[in-house]
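Reading through the structure tokens given below for one structure.
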2 protein chains.
Amino acid sequence: MAFRFEIIKKDPFSKARLGRIETNHGSFSTPAFLPVGTQGTVKSLTPEELVEVGVEVILGNTYHLYLRPGHETIGRLGGLHTFIHWNRPILTDSGGYQIFSLSKLRKISDDGVTFQSHIDGSLHYLTPEKVVEIQRTLGSDIAMVLDECIPYPSPYEYVKASTSLTTQWATRSLEIRKETDPALFAIVQGGMYQDLREESAQTLVKMDFQGYAIGGVSVGEPKSLMRSVLEWTTSFLPENAPRYLMGVGTPEDILEAVMMGIDLFDCVLPTRNARNGMLFTSIGKMSIKQAQYAEDERPVDEICACYTCRHYSRAYLRHLYLANEILSSRLNTIHNLYYYMNFIKGIQEAIREGHLLDFHKTHCSHPNGLEPEDSAHRLSTWG
Amino acid sequence: MAFRFEIIKKDPFSKARLGRIETNHGSFSTPAFLPVGTQGTVKSLTPEELVEVGVEVILGNTYHLYLRPGHETIGRLGGLHTFIHWNRPILTDSGGYQIFSLSKLRKISDDGVTFQSHIDGSLHYLTPEKVVEIQRTLGSDIAMVLDECIPYPSPYEYVKASTSLTTQWATRSLEIRKETDPALFAIVQGGMYQDLREESAQTLVKMDFQGYAIGGVSVGEPKSLMRSVLEWTTSFLPENAPRYLMGVGTPEDILEAVMMGIDLFDCVLPTRNARNGMLFTSIGKMSIKQAQYAEDERPVDEICACYTCRHYSRAYLRHLYLANEILSSRLNTIHNLYYYMNFIKGIQEAIREGHLLDFHKTHCSHPNGLEPEDSAHRLSTWG
């Protein structure tokens with residue numbers, strides 16, 4: 001399968017890179033933010049609306065699609081792109097995170113992992129080989145290897161053994177790869193231990209992966225620790241392969257990670273917050289249900305050009321939210337995703353123009369993020 | 001306020017009429033079907049999507065909007081059209097049906113009705129004058145007078161007294177009307193009694209209303225009785241005013257009522273059925289959750305040109321429904337409303353071309369409707 005990563009420009013003041021990834025379903029710019037399409041839909045939106053807010057690539061959850069409707073069903077229906085009417089790139093995760101966060105009764109062995117479906121309690125057994133096969137059948141553009149997502153905190157010996165297993169699984173995933181398969185990314189684990197992160201990264205980069213993800217962060221650790229993990233890890237990753245920070249994060253998290261050399265991000269934050277009435281704006285987060293907006297004629301964000309801000313008042317959005325209307329989730333999701341995509345485009349543009357430090361200065365006092373003392377947490381996995 | 005009803009063509013074989021209604025927010029063709037926008041949104045859709053499926057006029061529920069966010073709030077925000085971003089005609093009901101079906105502790109007097117909100121239990125008092133004022137403040141194009149919706153079955157004496165009260169309320173509604181007010185429609189009641197229906201219609205048509213609704217049907221009575229009520233009533237209604245059958249119905253109900261001289265319809269059926277996975281098709285109703293559609297690549301209706309049928313398979317729609325995804329409600333609602341609007345356009349075209357009998361022949365064996373032995377019922381009031 002076609003896969004190419006090209007670095008277009010490097011930021012002189014940070015490790016940020018402007019790049020472009022080519023796949024069989026077209027190309028997209030990096031740094032990129034991937035909205036989460038858990039069950040074959042980015043919740044509440046159509047593909048056309050995703051394109052309209054600027055989305056170039058989305059994430060699909062292997063765990064969910066494997067359980068329902070089943071990867072073989074999707075395969076027989078022409079693959080995930082056809083099934084969900086999205087003809088641009090799709091990255092699928094490995095299901096590792098969901099097996100360890102959503103499913104019941106999971107039991108791990110060297111060979112694979114047994115778990116119980118969170119939907120109907122049925123028993124399933126997945127191996128690294130099977131997970132590659134599932135993503136192949138889905139017709140993903142970028143696939144992830146099966147990993148064990150290590151909880152935080154975890155003792156050193158456990159993390160060491162688990163990381164070693166993830167690395168073995170990565171090797172096995174490579175061995176069964178076919179030429180027509182999706183691009184395959186490895187996942188660096190190693191918990192919060194510097195030597196294990198370094199060892200994981202060093203071992204994986206010796207193999208023939210097309211990209212590298214940093215897993216096992218945003219699992220409840222302090223933000224400062226997430227930064228350390230990024231620092232330990234990225235310095236061992238090759239320049240010429242994309243780097244993917246899984247499950248992150250707030251706009252500020254993303255900007256900082258870009259400056260540490262990360263290219264890809266996914267997170268449920270903009271979509272889930274939207275459904276909960278929490279909106280990102282140029283002057284900070286807004287909880288649309290607040291009484292102060294009851295007769296507020298202004299758009300959510302007066303400098304925003306999204307469909308929602310062009311046509312609807314805060315008062316109407318508050319009404320829809322309180323009345324539990326489906327349109328509330330839609331309009332809020334459009335706004336939040338537009339905000340994120342605009343933010344990412346701002347980062348891309350700033351790298352291109354050499355203004356990333358200014359961009360950071362403008363946005364580091366920005367109140368959309370978690371506070372510094374907050375812990376990084378993926379908030380589970382539902383997009 | 002501008003309001004004009006023009007009959008363009010009468011069907012030679014039935015009482016059907018092709019017409020056009022002009023309002024301050026543009027005109028629309030009759031027979032017309034009004035999707036229900038209960039709380040200031042036709043559930044799950046944007047105004048642009050309504051236009052795309054062919055909707056020309058929508059209904060708003062006075063009861064719901066009065067309670068939340070409040071008509072005065074909507075008035076201060078520029079009126080209902082501005083508030084919900086819909087610049088075409090809006091008909092608002094009087095709230096009568098909802099007061100008698102949704103609210104608790106209702107108490108009726110000659111002067112008005114006291115009831116408890118279904119949202120927070122708060123007490124409210126509405127008079128016919130207040131109901132006109134609310135619809136005036138909303139900026140409705142067509143307003144309805146407050147009526148008492150009589151349950152089925154009800155004893156003669158009760159129906160007689162109630163119908164007389166509705167007529168008194170209609171008189172009072174007219175008395176306070178201003179020149180800039182919405183067009184005002186009276187509501188014929190009279191339960192299932194021929195003499196009371198006739199008396200109600202005859203009394204109301206002597207007054208200066210711009211249109212006449214037939215209320216108190218689709219409340220659980222047999223279909224044959226609804227037909228009788230239509231027959232008794234319409235013969236006393238003036239030719240040159242639009243006739244509105246409230247809360248009806250299936251495509252077959254609508255077609256039959258058109259042939260009995262009805263011009264306007266509203267019903268939650270296409271939108272609510274959509275959210276419940278029940279789809280209208282050219283070959284009958286389809287329950288999209290059925291296992292037979294699990295790998296069915298075909299669109300819902302192979303001869304349908306709606307957005308949903310152009311881009312999505314039955315298998316995907318089944319998946320979205322089972323996964324409880326918001327997109328399920330959206331895509332199903334688009335399809336069902338498109339079906340209804342297409343059906344109405346077919347009726348209009350058939351009257352224009354003089355083919356209504358053929359149209360009826362084609363559609364009378366059509367399996368989308370309730371069975372003849374089913375009772376007519378509005379299924380409560382939520383769109």
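The values are calculated or read from the model by the stated rules, or taken from the named source; none is laboratory data. Here the structure is a predicted model, which means the values were calculated and not measured. In this analysis, Cβ positions are derived from the backbone assuming ideal geometry, glycine residues included, and neighbour counts consider all displayed protein chains. What goes into the accessible areas is simple: the full protein's heavy atoms, side chains included, and nothing from ligands, DNA or RNA. Shrake-Rupley method; radii C 1.70, N 1.55, O 1.52, S 1.80 Å.
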Requested in this report: Treat every Asp and Glu Cβ in segment A:218-346 as -1 and every Lys and Arg Cβ as +1, leave all other atoms uncharged, and give the resulting dipole magnitude about the Cα centre to the nearest 20 debye.
Outcome: 360
Report task. May I ask for the distance between the Cα centers of segment A:51-69 and segment A:1-33, given as a whole number of Å? Result -> 20
Report summary line: Rounded to 0.05, the calculated FRET efficiency for the beta carbons of A:ASP120 and B:GLU297 at R₀ = 30 Å is 0.75
Query - Over segment B:247-325, relative contact order from alpha-carbon pairs under 8 Å, at least 6 apart, % - result: 21
Requested in this report: For peptide A:28-38, compute the average count of partner chain beta-carbon atoms within 10 Å of each residue's beta-carbon.
Outcome: 0
Query raised in the report: In terms of Cα to Cα distance under 18 Å, which aspartates and glutamates are near enough to B:LYS9, apart from those fewer than 8 places away along the same chain?
Result: B:GLU22, B:GLU239, B:GLU256, B:ASP263, B:GLU349, B:GLU353, B:ASP358
Report summary line: So, in nm and shortest first, the distances from B:ARG310 to its counterparts in the other copies, with label points 7 Å along Cα→Cβ, work out as 1.8
Report task. Run through the other copies and list how far each one's label point is from that of A:ALA2, in nm with one decimal, shortest first; the point sits 7 Å from Cα along Cα-Cβ. Result -> 5.4
Query raised in the report: Since chains B and A are linked by a rotation, which residue in B has the beta carbon closest to its axis, and how far is it in Å?
Result: B:ILE326, 3
**Report entry** Sequence-separation-based contact order of segment B:67-177, relative, with Cα cut under 8 Å and 6+ spacing, percent
**Finding:** 28
Query raised in the report: Relative to the Cα centre, what is the charge dipole magnitude of segment A:166-230, using +1 at the beta carbon of each Lys and Arg, -1 at the beta carbon of each Asp and Glu, and rounding to the nearest 20 debye?
Result: 140
Query raised in the report: DSSP loop trypsin sites (Lys or Arg not before Pro) in segment B:171-237 with at most 13 other Cβ atoms within 10 Å of their Cβ, which ones?
Result: B:LYS178, B:LYS206
Report task. Compute the acute angle (0 to 90°) between the alpha-carbon long axis of helix B:223-234 and the principal axis of greatest extent of the alpha-carbon atoms of chain B; round to the nearest 10°. Result -> 50
**Report entry** DSSP beta bridge pairing in chain A, given as percent antiparallel to the nearest 5
**Finding:** 50
Query - Inter-label distance, nm, simple model (7 Å from Cα along the C-beta direction), B:ASN24/A:LYS361 - result: 5.3
Query raised in the report: How many Cβ atoms of partner chains, on average, are near each residue of A:321-332 if near means within 10 Å of its Cβ?
Result: 5
Query raised in the report: Among the lysines, which have Cα under 18 Å from the Cα of B:LYS130 when same-chain residues fewer than 8 positions away are ignored?
Result: B:LYS107, B:LYS178
Query raised in the report: With a sphere of radius 12 Å drawn around the Cβ of B:ASP120, what net charge do the other residues whose Cβ falls strictly inside it have (Lys, Arg +1; Asp, Glu -1)?
Result: +2
Report summary line: Bridge orientation stat for the protein assembly as shown from DSSP, antiparallel percent rounded to 5, came to 50
Query raised in the report: In nm, one decimal, shortest first: how far is the label point of B:PHE13 (7 Å from Cα along Cα to beta carbon) from the matching points in the other copies?
Result: 7.9
Report task. Specify which residue in the list A:LEU123, B:PRO182, A:LEU317 is farthest towards the positive end of the charge dipole of the protein assembly as shown, using unit charges on the beta carbon of Lys, Arg (+1) and Asp, Glu (-1), about the Cα centre. Result -> A:LEU123
Query raised in the report: According to the square roots a ≥ b ≥ c of the eigenvalues of the Cα gyration tensor, what is the shape class of segment B:108-193, taking rounded for a/c under 1.5, prolate for a/b larger than b/c otherwise, and oblate for the remainder?
Result: oblate
Requested in this report: May I ask you to give the solvent-accessible area per residue for the protein assembly as shown, in square angstrom, as obtained with a 1.4 angstrom probe?
Outcome: 36
Report task. Just tell me how shielded A:64-72 is by partners: mean number of partner chain Cβ atoms within 10 Å of each residue's Cβ, no decimals. Result -> 2
Query raised in the report: What total accessible area, in Å², is buried where chains B and A meet, using a 1.4 Å probe and rounding to the nearest 100?
Result: 3300
Requested in this report: Report, ordered by chain and residue number, the lysines lying within cross-link reach of B:LYS223, taken as a straight Cα distance under 23 Å and ignoring same-chain residues fewer than 8 apart.
Outcome: B:LYS15, B:LYS160, B:LYS285, B:LYS361
Requested in this report: Would you work out the relative contact order for segment A:187-302, in percent, from Cα pairs under 8 angstrom that are 6 or more residues apart?
Outcome: 19
Query raised in the report: Hey, got the dipole for chain B? About the Cα centre, +1 on K and R Cβ, -1 on D and E Cβ, debye to the nearest 20?
Result: 500
